[in-house]
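Beneath this line is the structure, given in structure tokens, with notes to follow.
The values are calculated or read from the model by the stated rules, or taken from the named source; none is laboratory data. What you see is a predicted model, and the numbers here were worked out from it, not measured in a lab. Cβ placement follows ideal geometry from the backbone for every residue including glycine, while neighbour counts extend to all protein chains displayed. Note: accessible area is taken over every heavy atom of the protein model, side chains too, but ligands, DNA and RNA are not part of it. Shrake-Rupley method; radii C 1.70, N 1.55, O 1.52, S 1.80 Å.
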Amino acid sequence: MAAMKRDRNPLSDDRKAYFYLLPAFVLLVIFTVYPVINTIITSVKLDYRFLTGVYNGFSFGHYLDILRDKTFQRACLNTAFIAFICVPASLITALVTALLLNSIKALRNFLTTLYYLPQVTNIIAAGMVFALLFHTNSGFINLVLGWFGMDPVPWISGVGIAGSADLYTRSYIRCLFILFIYSLWQGLSLKVILFLSGLQNINPQYRQAAEIDGTSQWNIFRKITFPLLSPVTMYVLITSVITALKSYASVVALFGDSYGPIGDNSKMMITIVGYIIDSLGDYLSPGAISKASAAAFILLLIIVILTALQFYFSKKWVHYK
Amino acid sequence: MEVRFESVTKKFPMKKGEITAVNRLDLTIDSGKLVGLLGPSGCGKSTCLFMIAGVCQPTSGKLWFDDRDVTTLSPEKRGVGMVFQNYALYPHLTVKQNIEFPLVNSKEIRKQLETKLAIHNKTGNGKTKLKEFVQQEVLRTARLVEIEDCLDRKPFELSGGQQQRVAIARTIVKQPSILLLDEPLSNLDARLRVQTREEIRRIQQMTGITTVFVTHDQEEALNICDEIAIMKKGILQQFGNPQAVYDYPANRFTAGFLGGTPINMLDGEISDGKFIAGGQVILPDVPIADQPVTAGFRPENLYVSENGTPRFNLEVVEMYRHGGITVVTTKFDADNAIRLVKERSDNMTIGDRLMVTVAPGMLYLFDSNGAKIWQQ
Ligand SMILES: Nc1ncnc2c1ncn2[C@@H]1O[C@H](COP(=O)(O)OP(=O)(O)OP(=O)(O)O)[C@@H](O)[C@H]1O
Ligand SMILES: [Mg+2]
């Protein structure tokens, strides 16, 4: 019956659907499609003055400048560190935490709330607390290290790094470490909640059936729990990678708005979004907004390509019902 | 393998207090028997199976497989197969992967398979690899339950009956020594249900696996089980041969629970050794003390007779053809109706008065607590 109706009047059905989609579509055009197109156009205008609208023709110069810029390469490296090292680490930690939380009954709600706290904490405030924890002279971490007889570590310190590649590398690694710990902690909360609700959505009978069939706990996880959880994992992965590619506030909170320890003038910990914002600089000067637009468009491309890749590979490991 | 519950109690903690799902259960299921576990919803049937399977452990009491105390043994070491109430087929795996799951994942079963394969290769001079052997076993089992055409499909692409049979295949492929079936037929249509239950009976007899079959459909239980256990609120009410339980109920609950057309219950009292109901003497000579009692007698055990004892004087008020039988509803007095089941309605009409008696030995008297105190 339904099929016959459709055949008779296919267009009116479709039209209705389009009609209902219209409001969302209009919003999408105004706030997403138009800005993106505008960004692309702006990015290729030469010496563009944004108040008067004057420019000197078109060029891809900004893109070339950006790609050759050492600071941009540094930004890409740092962003990649967050997206491909910190995110997987926090994903795995969150999954393990959720599995543990799911297997206990007592205290589960209390602990879940505890794990959720970072989510309701302001990123900047939390980052500053982290920075304090890692402070060389009065930080808690060094205090604890002191109890074990260790010398204070100059966690966020740029002393002498401008002149020594070796000192620079060491300082950089320490900063990456702090960023890693911070990202892990900050990203954990939402992921744990998502994984936990995903786990609780899995009918316990699958696990019971597998147990009766003599399956080891590891195989139950590998062959039953993980595949059944994979849509959630996929969602968490994609959203976390996108969020990571857009990180900015965390590095500013940890390392200040010069993106590095005092004494560093290379913007050691800058991210791509940080680079975009810095490019804007004095946005009234000619070309600044175009360079920022070009950088923003590069970031958009990276996000789109990575997300598409993830979707493509997800077919191999995500089991949708 | 024999399964024995020894005073087993299972309690579940609740938000407030706890709930006793199974209460001091003593039950011995003989090796090779097909035993039906019956009772209303929530009476603890599934909990009993879960304890046999090992996915939940008794709060107190002991569970024995033959002479082995398995009370706290982990599920994978029990060699039990279970078909869940809603199948629990792994949704992301194909039918084939579902069926081979126990074969490729259990170390114990792998070992057994390897031994079997060695014998097979020795006697047959063959050189079958373990992988092929597993596939052969899967195919053999799939044929047994007639789902060999669906092997590459996912569970959601199957009908309820097919899923059912996949679940059974997954369970019997590993040749468990105990088979647990939790309402395995509840999702099937009437015809498939009868067919599948005969199938289960056939497979059970062929393999001789000790089988516990949970159902709340009594007809199912009466038809295929060697023995039935009836539970109510976690307490075992009666255990025995289905026909014996049917004819000799231990109490009012089991009497009322069994029977396609509900048993007739007539409240009355014993006075001076007579059973009196509705102001009439129904039984003249009952050797029990004066007390309020309820008489129970099954509709199919009633027949028309002018001078039997007990004797009921009834008026036909309704007749209802029901498949191959006719259910005749009659009025005993203002408050009590009595039903008869007859092969055919003969020449009764509404308004007729009948004299009716109960087949010998088929009238039960229950005291006010529901215990049976007399049967004649
Ligand atoms: N995991 C559990 N936690 C708490 N209570 C439970 C749990 N499992 C069962 N119960 C309770 O124990 C009692 C018996 O449950 P069980 O599942 O054994 O009933 P059942 O006889 O199988 O019923 P049905 O015919 O509806 O399947 C019920 O009151 C149920 O609410
Ligand atoms: Mg049940």
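Points worth noting:
- Qualifying residue in the stretch A:236-252 (condition: under 30 Å from A:SER164 (Cβ atoms), part of a helix (DSSP H, G or I) and of a type in the set (A, V, I, L, M, F, W, C)): yes
- Residue under evaluation B:ALA53, criteria (1) hydrophobic (A, V, I, L, M, F, W, C); (2) within 9 Å of chain A (Cβ to nearest Cβ); (3) open to solvent by less than 30 Å² (accessible area, probe 1.4 Å); (4) free of Cβ contacts under 8 Å to residues at least 24 places away in the same chain, criterion not met: (4)
- Restricting B:ASP226, B:ASP217 to those that are within 16 Å of ligand 2 (Cβ to nearest atom), among the acidic types (Asp, Glu) and surrounded by 14 or more Cβ atoms within 10 Å (Cβ to Cβ) reduces the list to B:ASP217.
- Residue list for the stretch B:180-219, filter: within 13 Å of ligand 1 (Cβ to nearest atom) and of a type in the set (Asp, Glu): B:ASP182, B:GLU183, B:ASP217
- Any hit, the stretch B:303-315, residues being open to solvent by less than 40 Å² (accessible area, probe 1.4 Å) and modelled with pLDDT of 90 or more: no
- Checked against the criterion of being open to solvent by less than 30 Å² (accessible area, probe 1.4 Å), modelled with pLDDT under 85, over 22 Å from B:ALA21 (Cβ atoms) and not charged (D, E, K, R), the candidates B:THR196, B:THR210 yield just one match: B:THR196.
- Exactly one residue out of B:ARG140, B:ARG165 is open to solvent by 60 Å² or more (accessible area, probe 1.4 Å), among the basic types (Lys, Arg) and more than 11 Å from chain A (Cβ to nearest Cβ): that is B:ARG140.
- Count of residues meeting criterion [farther than 28 Å from B:PRO292 by Cα and either in a loop (DSSP other than H, G, I, E, B) or out of contact with any helix residue (DSSP H, G or I) (no Cβ under 9 Å at 6 or more places or on another chain) (or both)] in the stretch B:318-352: 18
- Pick from the stretch B:72-91, criterion in a loop (DSSP other than H, G, I, E, B) and under 24 Å from the mean Cα position of the chain (by Cα), ranking: nearest to B:LEU158 (Cα to Cα): B:LEU89
- Residue match in the stretch B:41-51 (condition: hydrophobic (A, V, I, L, M, F, W, C), more than 22 Å from B:ASN223 (Cβ to Cβ) and within 16 Å of ligand 2 (Cβ to nearest atom)): yes
- Among the residues of the stretch B:165-180, those that are within 18 Å of B:PHE101 (Cβ to Cβ) and either of a type in the set (Val, Ile, Thr) or within 16 Å of ligand 2 (Cβ to nearest atom) (or both) comprise B:VAL166, B:ALA167, B:ILE168, B:THR171, B:ILE172, B:VAL173, B:LEU180.
- The number of residues in the stretch B:10-33 being surrounded by fewer than 23 Cβ atoms within 10 Å (Cβ to Cβ), more than 16 Å from ligand 2 (Cβ to nearest atom) and of a type in the set (A, V, I, L, M) comes to 2.
- Subset tally (residues that are at pLDDT 90 or above, surrounded by fewer than 22 Cβ atoms within 10 Å (Cβ to Cβ) and touching a Gly at 6+ places or on another chain (Cβ under 8 Å)) for the stretch B:71-90: 2
- Selection of the stretch B:21-51 for residues being among the aliphatic types (A, V, I, L, M) and near ligand 1 (Cβ under 7 Å from one of its atoms) yields only B:ALA21.
- With respect to (1) within 30 Å of B:MET51 (Cα to Cα); (2) crowded, with 18+ Cβ neighbours inside 10 Å, the lone exception for A:ARG222 is condition (2).
- Some residue of the stretch A:137-145 being polar (S, T, N, Q), out of contact with any strand residue (DSSP E or B) (no Cβ under 8 Å at 6 or more places or on another chain) and open to solvent by 50 Å² or more (accessible area, probe 1.4 Å): yes
- Just one residue in the set B:VAL35, B:VAL95 is touching a residue at least 60 places away in the same chain (Cβ under 8 Å), farther than 24 Å from B:ASN241 by Cα and more than 14 Å from every other protein chain (Cβ to nearest Cβ); that residue is B:VAL95.
- Residues in the stretch A:268-296 that are open to solvent by 40 Å² or more (accessible area, probe 1.4 Å) and more than 16 Å from A:PHE50 (Cβ to Cβ): A:ASP278 only.
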